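As structure tokens, the structure follows; a few thoughts come after it.
We did not get these values from a lab; they are worked out from the coordinates using the rules stated. These numbers were taken from a predicted model, which means no experiment stands behind them. Note that we place each Cβ from the backbone using ideal geometry, even for glycine, and neighbour counts take in every protein chain shown.
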Amino acid sequence: MKNTKDPGLGSKFIKPVKRMVNEDGSYNILRKGGLSGLKDFYKFLIDIHWIWFSLILIGGFILLNLIFSTTYLLIGIEHIAGNYPELSPFENAFFFSAQTFTTVGYGVLHPKGALTNYIAMSESFLGLLSFAIATGLLWGRFSKPSLKIAFSKNIIITPYEDSMAVMFKMVNQRKNVLLNTTVKCVFLIDKGTGQTAFNKDYSEFKLDTDQVNFFPLTWTLVHKITEDSPLFNISFVDLVKRNAEVIILVETFDETFNQTILQKHSYACEQWLENVKFERNFEVNEKGHIELNVRDINQYTSIN
């Protein structure tokens, strides 16, 4: 077994670390004192879920209009010409604010007096800036390149040829074309002895095949356990006990985005299984077409 240098994740710890990289590819690190969340507002708005992003846009629009509506009410609703008598003063002020903020300007409701005109002018300017920022964020979210590669839920140790091997599967969930896909893996495990019991050892994790020119189907990645393998002479119980982890980096050229894209993944702890084998999740139908069932990537059977 040949140890490698720490790839940048840290190797010295005084307590057990279950995993360095989470299943979704994020680092298992709680950052304190740095830029995060609202402190890095642009990244926050680019990365959050679409539901929360939509709610922030809608909530911001309503909040700003409520602020300006209240301002118009404090000045006096009589300074807004064309009020609808069937609506309440607040409703008239809110609809006038919304029309001013969006620069729609239907022409029925309009400001009277210098102060109201100055406030309406400021609101329309703020509205233009707000919609420009929202448009930029929408474009940033839509144009952000990303991979949608699904990995098998488990990493398995199973008989392979004349020995044992570690295997995991991955599949592209989209119908786009991925070319020259390369997979690199790093194996790490607690030392498990002495005062350095929780320090991490990093090792090469060589795959039988780590690069394919085309990636239209499921790809089963295989690491054969030989004398050169970091798993050689390590029991399954020891792997779990010593927090063994395989970190995966996928690099591929995506024709949709016309650029090279990366994706990370990790297997650790309870994701290890032994004496099982993956089931095949694609077959040829009667018409000669290959049918790939992406959802069956996690299917496996026990070895008797």
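Key figures
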item	result
Loop trypsin sites (Lys or Arg not before Pro), the range 227-304 (other Cβ atoms within 10 Å of the site Cβ: 15 or fewer; DSSP)	280, 287
Using a Förster distance of 35 Å, the FRET efficiency for residue 210-residue 6 (Cβ separation, nearest 0.05)	0.95
Where the Cα pairs of the range 135-224 fall when distances are cut into 5 Å bins, in %	3, 11, 15, 16, 15, 13, 10, 7, 5, 3, 1, 0
Amide H contacts of residue 21 (H built 1.01 Å from N, under 5 Å, at least 5 apart or other chain)	28
Reachable aspartates and glutamates, given that their alpha-carbon falls under 12 Å from the alpha-carbon of residue 191 and they are not under 8 places away in the same chain	201, 238
Hull volume in cubic angstrom per residue (convex hull over the Cα atoms of the range 208-304)	159 Å³
The range 165-302, relative contact order [Cα under 8 Å, separation at least 6], %	27 percent
Cα-based reach from residue 148 at 13 Å (exclusive), listing aspartates and glutamates while leaving out same-chain residues under 8 positions away	24, 251, 254
Where chymotrypsin sites (Phe, Trp or Tyr not before Pro) fall in DSSP loop in the range 210-279, at most 12 other Cβ within 10 Å	232
Full-extension gain in nm, residue 91 to residue 249, via 0.36 nm per residue minus C-alpha separation	51.4 nm
Size of the range 181-222 as Cα extents on the principal axes (Å, biggest first)	47, 14, 13
Filtered GluC sites (Glu not before Pro), the range 50-159: DSSP coil and at most 14 other beta carbons within 10 Å	86
For residue 165, distant residues with modelled amide H under 5 Å away	158, 160, 225
Pairs beyond 25 Å (Cα-Cα), from 12/43; 15/206; 32/144; 12/32; 43/169	12/43; 15/206; 32/144; 43/169
Spin-label pair residue 240/residue 173, simplified geometry with 7 Å Cα→Cβ offset, distance in nm	2.8 nm
Translational diffusion of the chain, µm² s⁻¹ [Kirkwood Rh, Cα pairs; Stokes-Einstein; 20 °C; 1.002 mPa s]	89 µm²/s
In nm, spacing of pseudo-spin labels at residue 153 and residue 296 (7 Å Cα→C-beta vector)	1.7 nm
Residues of type lysines that residue 287 reaches as a straight line, Cα spacing below 21 Å, ignoring anything fewer than 8 places off in the same chain	175
Calculated diffusion of the range 41-152, Stokes-Einstein form, Kirkwood radius summed over Cα pairs, 37 °C and 0.692 mPa s, µm²/s	207 µm²/s
FRET E, pair residue 228, residue 274, Förster distance 22 Å, beta-carbon r, rounded to 0.05	0.60
Exposure proxy ranking, count of Cβ atoms within 10 Å, fewest first, for 289, 79, 265	289, 79, 265
Principal axis box of the range 140-298, alpha-carbon based, largest edge first, Å	56, 43, 24
Local net charge near residue 260, Cβ-Cβ under 14 Å (Lys/Arg +1, Asp/Glu -1)	-2
